[in-house]
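The next block holds one structure in the form of structure tokens; read it before the comments.
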Amino acid sequence: PEILKTDIIKREEIIDEIIKYYKCFPIVPVDYKVDLIIEKNIKRIVKFFSVDKFLELMEAIFLTRQATTQIHNCMVSKIAKRITESLIESNPELFVNTLCAHNEREVLTNKQIYLDFVDKAARLHDIGKIRCSDIINLQIRKIEDEEFEIIKEHPEVGAEILGLSEELKPFRDIALMHHKTYDEKGGYPNEIGEKELKYGIFVDIIKISDSIDAATDVLGRNYAKGKDFYTVLLELKEMKESVYSDVVVNAIDSD
């Protein structure tokens, strides 16, 4: 037991040193290779991290490499938690058999567990963007088609990283599918393979929270004018059942 305790302490010290390293990692503009090196390193070490420590690591990387993504992740978390809380009160049946609850009463009793889960899911949904800092940081103009094709890889990159850790696997399909349409006929990636349907409600919540923040953003996308919320709500209602979950759109519209 003492040897095991010592090993755990050493591992935690090493993980803290890794996080410290990335907090002072240099920003090198127009250097795609740096992103690929970071991605490769993350894939090698992710399995040694707890969910909380991995979040700390990724936040350190994004604050250094692409602060706008970190702001976006935080905003998606705030929106997703508000939607989740409302849905738990109005439609608790949506969450039965997803995490720890087997009936509606247990969903209501364990509301904080669901809020914590969707918070982590939101903060992890865009981790695949570590591959494309140079493009994400091009906030003075619209990106070109070739650049967009690179950005479209981020759901699969994120899903691959999360799939390398048993603790992070529950978030894998949320990262993979947050840019697929609700009816799965559009969006990206084209092929999504097998998915954990029990996390479907969280995919729907993160997808719509992601879109709301992107559409209303007046800080992180300097080339675009942010829309007011009610304009976005009308668009969500027009696209429910195809792009977005009708249940989630209706919940936002009624609350």
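The values are calculated or read from the model by the stated rules, or taken from the named source; none is laboratory data. Worth saying up front: this structure is predicted, and the values here are computed from it rather than measured. Cβ placement follows ideal geometry from the backbone for every residue including glycine, while neighbour counts extend to all protein chains displayed. Just the protein is used for accessible areas: all its heavy atoms, side chains included, with ligands, DNA and RNA removed. Shrake-Rupley method; radii C 1.70, N 1.55, O 1.52, S 1.80 Å.
Within the stretch 40-58, residues that are in contact (Cβ under 8 Å) with a residue 60 or more places away in the chain and among the aromatic types (Phe, Trp, Tyr) have Cβ atoms under 9 Å from residues that are surrounded by fewer than 18 Cβ atoms within 10 Å (Cβ to Cβ) and outside any helix (DSSP H, G or I) in these pairs: PHE49/GLU167; PHE54/GLU167, counting only partners at least 6 apart in sequence or on another chain.
When restricted to residues that are hydroxyl-bearing (Ser, Thr, Tyr) and open to solvent by less than 10 Å² (accessible area, probe 1.4 Å), the stretch 64-97 contains 3.
For the stretch 227-255, residues that are part of a loop (DSSP other than H, G, I, E, B) and among the hydroxyl-bearing types (Ser, Thr, Tyr) total 2.
For the stretch 159-168, the set of residues classified as open to solvent by 10 Å² or more (accessible area, probe 1.4 Å) and of a type in the set (A, V, I, L, M, F, W, C) consists of LEU164 only.
For the stretch 169-184, the set of residues classified as open to solvent by 80 Å² or more (accessible area, probe 1.4 Å) and within 15 Å of ASP204 (Cβ to Cβ) consists of TYR182 only. Checked against the criterion of being more than 29 Å from GLU238 (Cα to Cα) and assigned to a helix (DSSP H, G or I), the stretch 173-195 contains not a single residue that satisfies it. Looking across the stretch 150-174, not a single residue is free of Cβ contacts under 8 Å to residues at least 12 places away in the same chain and within 16 Å of ASP35 (Cα to Cα). Enumerate the pairs (first residue in the stretch 62-75 and within 11 Å of ASP126 (Cα to Cα); second residue anywhere and at pLDDT below 90 and outside any helix (DSSP H, G or I)) with beta-carbon separation below 9 Å, excluding pairs fewer than 6 apart on the same chain, so at least 6 apart or on different chains. Filtered contacts from the stretch 62-75: THR69/GLY220; HIS72/ASP217; HIS72/GLY220. Selection of first residues in the stretch 19-34 that are closer than 14 Å to ILE130 by Cα and open to solvent by less than 90 Å² (accessible area, probe 1.4 Å) and of second residues that are modelled with pLDDT of 80 or more and in a loop (DSSP other than H, G, I, E, B), restricted to Cβ pairs under 9 Å at least 6 apart or on distinct chains, gives an empty result.
Scanning the stretch 131-158 for residues that are at pLDDT 85 or above and farther than 23 Å from LEU63 by Cβ, we see that the one that is surrounded by the fewest Cβ atoms within 10 Å (Cβ to Cβ) is ASP145.
Of the helices (runs of 4 or more DSSP H) entirely within the stretch 18-119, those holding at least 3 residues that are polar (S, T, N, Q) occupy 67-90. ARG141 passes every criterion in (1) in contact (Cβ under 8 Å) with a residue 40 or more places away in the chain; (2) in a helix (DSSP H, G or I) apart from (2). Among the residues of the stretch 229-245, those identified as free of Cβ contacts under 8 Å to residues at least 60 places away in the same chain and at negative phi are PHE229, TYR230, THR231, VAL232, LEU233, LEU234, GLU235, LEU236, LYS237, GLU238, MET239, LYS240. Kindly evaluate GLU167 against the criterion of being in a loop (DSSP other than H, G, I, E, B), among the acidic types (Asp, Glu) and at negative phi. Criteria met by GLU167. Among the residues that make up the stretch 104-121, is at least one of them crowded, with 18+ Cβ neighbours inside 10 Å, basic (Lys, Arg) and under 20 Å from GLU156 (Cα atoms)? Yes - at least one qualifying residue is present in the stretch 104-121.
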